[in-house]
1. Output the number of residues of the stretch 442-476 satisfying the condition of being surrounded by fewer than 20 Cβ atoms within 10 Å (Cβ to Cβ), at pLDDT 90 or above and hydrophobic (A, V, I, L, M, F, W, C).
2. For residues in the stretch 477-502 being touching a Phe, Trp or Tyr at 6+ places or on another chain (Cβ under 7 Å) and of a type in the set (S, T, N, Q), which is surrounded by the fewest Cβ atoms within 10 Å (Cβ to Cβ)?
3. Any residue that is more than 29 Å from Ser103 (Cβ to Cβ) and at pLDDT below 90 - is there at least one of those in the stretch 55-64?
4. Could you list all residues from the stretch 300-317 that are out of contact with any helix residue (DSSP H, G or I) (no Cβ under 9 Å at 6 or more places or on another chain) and either modelled with pLDDT of 80 or more or among the polar types (S, T, N, Q) (or both)?
5. Taking the condition open to solvent by less than 10 Å² (accessible area, probe 1.4 Å), in a loop (DSSP other than H, G, I, E, B) and touching a helix residue (DSSP H, G or I) at 6+ places or on another chain (Cβ under 8 Å), does Leu505 pass?
6. In the stretch 147-257, which helices (runs of 4 or more DSSP H) lie fully inside it and hold 3 or more residues that are in contact with a Lys or Arg (Cβ under 8 Å, 6 or more places away or on another chain), crowded, with 16+ Cβ neighbours inside 10 Å and modelled with pLDDT of 90 or more?
7. Answer yes or no: is there a residue in the stretch 81-103 that is exposed (fewer than 14 other Cβ atoms within 10 Å of the Cβ), under 54 Å from the mean Cα position of the chain (by Cα) and assigned to a helix (DSSP H, G or I).
8. Scan Asp63, Asp115 and give me the residue that is of a type in the set (Asp, Glu) and either closer than 17 Å to Asp21 by Cβ or open to solvent by less than 40 Å² (accessible area, probe 1.4 Å) (or both).
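The values are calculated or read from the model by the stated rules, or taken from the named source; none is laboratory data. These figures come from a predicted structure and were not determined experimentally. Positions of Cβ are generated from backbone atoms using ideal geometry, with glycine treated the same way; all protein chains shown enter the neighbour counts. Each accessible area value is taken on the protein alone, full model and side chains, heavy atoms only, with ligands, DNA and RNA left out. Shrake-Rupley method; radii C 1.70, N 1.55, O 1.52, S 1.80 Å.
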Amino acid sequence: LDPQAIERVREQAWPEAENTDELHDGLLTSGFILEKEATDRAGETDEADQGEERAPDWNELFDELVRAGRAARISIDSARSALWVATERLRELQAVHPSSVSSAPSDLTVPNREDAIRELLRGRLEIVGPTTAAELASTLGVSEEDADLALAALEREGVVLRGRFTPGATILEWCDRRLLARIHRYTLDRLRAEIEPVSAADFVRFLFRWQRIDPEHRVSGLEGLASVLEQLDGFEVPAKAWEPDVLAARCSEYDPALLDMLCLTGRVAWARLSAGGNPAARPASRPIRSTPVALPLRQHLGSWLAIVPPAEAPALSSYAQDVLAVLSRRGASFFTDLTAGSGLLATQVEQALAELAAAGLVTSDSFTGLRALLTPSDRRKPLVTRAASTDVRRHRTVNFGIEGAGRWSLLQHESANSQAAETELLALTLLARYGVVFRRLLARESLTVPWRMLLQVYRRLEARGEIRGGRFVAGMQGEQFARPEAVAQLRAVRRAKEHVELVVLSAADPLNLTGLVTPGDRISALGSNRIAWRNGVPVAALESNEVRWLRDDVNPEDRLEIERALARKRISPALRGYLGMTG
């Protein structure tokens, strides 16, 4: 919580009194006020009001209340400041300190000691803001154990909340629920006010860093690839585009063997999550290269499948029905087991698996299974290039055979155990993916829930101080939320020295936000399309092998460079087999 917000609320909660009636009301509400507190605040008021009309002296007002029999000054012991108490609350103080209160109105009910402490501390908490049990016990002159019992009773009533509210606090604090809500609101207002929104172009430049597209932020190795897949958890991309266009753009020297390792060790899975189109239409015999496929973390696979309502059973070929029956009966099975169990030829089983994968019904242990289904059979043999002596890397062989896929298994679309849990998972995943989240970004997602449900999660996370709310990107309507580290990086991007940044991405990439964040038309998220960005602004697109210019202010020299960048596409030698390329 913001220290200034805490002090502001303390000032607001402290009683204001310009006459005896207002001071009497303040004493009734607060239970008691220390005489030292009243005297100190009177001195502060005198200093603040120099040259202005003098504020009423609380000591004079209190003396008038005492003479009228409406208040009393109670001294517990010589080491403590005297207490100012309204006459109506003397019975409570008498129950706590019977030796200090000589007389009280006889028409008032005498409460028991525990109830009296609870009610006096209830009033005290309404005016002091966050405080500790030790501080409350000291002001009332009771033991800390007595204060703890009273606070626990108030907590059960929902009146107070416990926590560490003051920055740097190491001791448990207590605060009136109403005051704490106000402190939260002031804290959030200040945090939101201090954020200066960035332009859409700067947001895109930030995303290039956030999602490791920028060369300086690319990752390498097994754990680097795992971090990329964690960020893209649940996002669907055309099957052909995952490795050469999406992962290779984020990983230096991308190696497909690393993806297989993540799949085989149970950290990542592959699956078509979204509905497979018209259920009455027969799926393609082989997953077309534009089939949307996700690489979810295996621990989240069930949650993503629960978000998507299962589609009606598609019309399957007899081969696919036979293989589906074997998987339903035996569970996860190797390719040879499927061949033996179904009585089909190997090519027929392969055709059936392709059909089931296209319909979003099966997956395999390894990504090799999907590669095999995408690779024509004549290219699924070990490849050895002719110029072997010129480059050691050209000795590599690539085998995307169906036998190397591991086990094949059914994807189970189960009902969500907890809609709130699935919604929170999606909300956190979107924050990890984009750093900053607003409603318009949902148009790029195939898995989603209503924005109003995500808002409930984001507002709760903001209230807990885990994320920030505010206006981070200019021109985007509605509420926006960001991870704290994303806010810092946004500021760094905005302050960065301007230089030409040319980035070329596949239109299938998750960062194809044309028409959503940037102005202009949407560019179809096809793996064959490519987009050139300059300083976060889309300037050209390659569609159907033709360059379409999105801006008119690109000079001829830059146009030539951009056209070359759009046409140039580096492919890892290990991927060329199923991409239809040779060495």
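1. Looking only at that region, the number is 8.
2. By that ranking, first place goes to Gln489.
3. Filtering the stretch 55-64 down to residues more than 29 Å from Ser103 (Cβ to Cβ) leaves 55.
From the residues that got through so far, the ones that are at pLDDT below 90 too are 55.
Yes: the stretch 55-64 contains one or more residues that are more than 29 Å from Ser103 (Cβ to Cβ) and at pLDDT below 90.
4. Listed by number, the residues that qualify are Leu301, Gly302, Leu305, Ala315.
5. When the stated conditions are applied, Leu505 does not pass them.
6. Output list reads 221-231.
7. Quick first cut of the stretch 81-103, residues exposed (fewer than 14 other Cβ atoms within 10 Å of the Cβ) only: 98-99, 102-103.
Now restrict to residues that are under 54 Å from the mean Cα position of the chain (by Cα): none.
No, the conditions are met nowhere in the stretch 81-103.
8. Exactly one residue qualifies, and that residue is Asp63.
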